[in-house]
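Readers should treat all values here as calculations from the given coordinates under stated rules, not as data from a laboratory. Since the model is a prediction, treat every value here as computed from it, not as a measurement. Methodologically, a virtual Cβ is constructed for each residue, glycine included, from the backbone with ideal geometry; neighbour enumeration extends over all protein chains shown.
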Amino acid sequence: MSDWEGFIEQQTAFIRDAVGEGLAINALSGGVDSSVVTVLGHRAIGDRLKTVFIDNALMREGEPEFVVEAFAALGIPVERIDARSEFLGALAGLTDPEEKRQAVTSTFYRDVFGRLVRQTGARFLLHGTILTDIEETVAGIKRQHNILAQLGIDPEQQYGYRVLEPLDTLRKDGVREVGRRLGLPRQITDRMPFPGPALATRIVGEVTPERLATVRAATAIVEEELAEIETFQYLAVLLQDKATGIRDGRREYGEIIVVRCVDSVDAREATAVEVPWPKLHRICQRITSLDGVNRCLYDLTPKPPATIEYV
Ligand code: XMP
């Protein structure tokens, strides 16, 4: 048995022993970590693990369908929870980046997921925390990943409630390897990173359904056009400013989309990729065909001083 198979056996046994005859729940985002936890959990306890996909209105085009279908193909039922209006309501009127992130986090953990946990009576949460998350939390780089506190649950009052983190000794490359061995398709194991607060990190200023539709359409174009480029991450961002342009012979005050394509090893530093000029032209032409968008910019800034996302 290889080390990876040993790891899978060991963690499956850990989940099975911990949950016993009880019920567990996990939120699947479609990212690599939560996908691997979902498959491990189902291997361990079958349908006593309830897996939910929370539709927060901030996902990429076709994402909820893609995730539900990919797992149905693996024999794993995923319940799609429509929480779009809750998230949009929490984000309405907010423009400050930290307030926006906080609104997404608390709507997720405290309101939507918290309610699901209480409704199902699950006493175990399976969570895809990986070693890098723990290290970055300890180093103060990332916000605390304390699920219980985020759920507004006091472990003292709710004695017996446990969070299980079967991937907490792995880094991303290890998680991808475990995912492949568990039979997850490459489309999932090799996915590029996508932030938890989703498209909200790619809208400068207020997140509204209209602005989401614009950035979602631009994202789909960028992902389609750059799919063949092997790099760390690429994305589209909607700015808050507008610019003057001309469409159909008339002056138009339009939206500005930024395209970003970066290479990186671990997201701590990143450099802009030299995307071939014809490719950039094509992306620009497609993006400026979107309703109300009359400018498309390519971001050359490395990290630092920029970050990869804009919010
Ligand atoms: P930044 O923008 O900080 O992003 O250079 C570094 C990497 O992390 C992703 N990212 C996030 N992932 N929750 C996440 O799960 C977040 O709040 C978050 N913010 C950024 C980003 O996509 C990039 O890969």
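Which value, in debye to the nearest 20, gives the size of the charge dipole of the chain about its Cα centre, when Lys and Arg are +1 and Asp and Glu are -1 at the Cβ?
420 debye
Counting alpha carbon pairs within less than 8 Å and at least 6 residues apart, what relative contact order, in whole percent, applies to segment 203-298?
28 percent
Go through the chain and flag any cysteine with no other cysteine's C-beta closer than 4.7 Å, please.
CYS261
Relative contact order for segment 38-125: what is it in percent, counting Cα pairs under 8 Å that are at least 6 residues apart?
Relative CO of segment 38-125 lands at 24 percent.
Which of THR51, GLN102, GLY6 sits closest to the plus end of the dipole of segment 3-189, meaning its Cα is farthest towards the positive end, when Lys and Arg get +1 and Asp and Glu get -1 on the C-beta?
THR51
Can you give me the Cα centroid spacing of segment 258-311 and segment 165-222 in angstrom?
17 Å
Note down the nm distance, to one decimal, between modelled labels 7 Å out along Cα→Cβ at ARG80 and at MET1.
3.8 nm
For segment 203-298, build the charge dipole from Cβ charges (+1 Lys, Arg; -1 Asp, Glu) around the Cα centre, then report which of VAL293, GLY249, THR271 sits farthest towards its positive end.
Comparing the listed Cα positions along the dipole, GLY249 ranks first.
Quick one: among GLY114, GLY249, GLY46, which has the greatest mean-square fluctuation in a GNM of the chain with alpha-carbon springs under 10 angstrom?
Comparing GLY114, GLY249, GLY46 in a Gaussian network model of the chain, the most mobile one is GLY249.
What is the antiparallel percent of DSSP beta bridges lying wholly in the chain, to the nearest 5?
Expressed as a percentage, antiparallel bridges in the chain total about 45.
Restricting to DSSP H runs of at least four residues, report the calculated mean residue ellipticity at 222 nm for the chain, -39500 (n - 2.57) per run over all residues, nearest 500 deg cm²/dmol.
Only helices count here, giving -11500 deg cm²/dmol.
Using the Karplus curve 6.51 cos²θ - 1.76 cosθ + 1.60 with θ = phi - 60°, what ³J(HN,Hα) values do you get for each residue of segment 207-223, in whole Hz, with x for Gly and Pro?
8, 10, x, 5, 5, 5, 4, 5, 5, 5, 5, 5, 4, 4, 5, 4, 5
Evaluate E = 1/(1 + (r/R0)^6) for SER264 and GLU223, where r is the Cβ-Cβ distance and R0 equals 25 Å; express this FRET efficiency to the nearest 0.05.
0.90
Multiplying the sequence separation of ARG110 and LYS172 by 0.36 nm and subtracting their Cα-Cα distance, what value in nm do you get?
Details: separation 62, 0.36 × 62 = 22.32 nm, distance 2.70 nm.
Gain on extension, ARG110 to LYS172, equals 19.6 nm.
Need one number: nm distance between label points at THR95 and HIS281, each 7 Å from Cα along Cα→Cβ, rounded to one decimal.
It works out to 3.7 nm between the two label points.
Suppose the chain between GLU65 and LEU239 were pulled fully straight at 0.36 nm per residue; how much longer would it get relative to their current alpha carbon spacing?
Extending this stretch completely gives an extra 59.9 nm.
Explain nothing, just the number: dipole magnitude of segment 162-278 about its Cα centre with +1 on each Lys and Arg Cβ and -1 on each Asp and Glu Cβ, in debye rounded to the nearest 20.
Roughly 340 debye for segment 162-278.
For segment 28-115, what is the charge dipole size about the Cα centre, in debye to the nearest 20, if Lys and Arg each add +1 at the Cβ and Asp and Glu each add -1 at the Cβ?
That gives a dipole near 320 debye.
At a temperature of 20 °C and a viscosity of 1.002 mPa s, determine how fast the chain diffuses translationally according to Stokes-Einstein, using the Kirkwood radius over alpha-carbon pairs as Rh; express D in µm²/s, rounded to the nearest whole number.
Details: Rh = 20.8 Å.
Estimated via Stokes-Einstein, D reaches 103 µm²/s.
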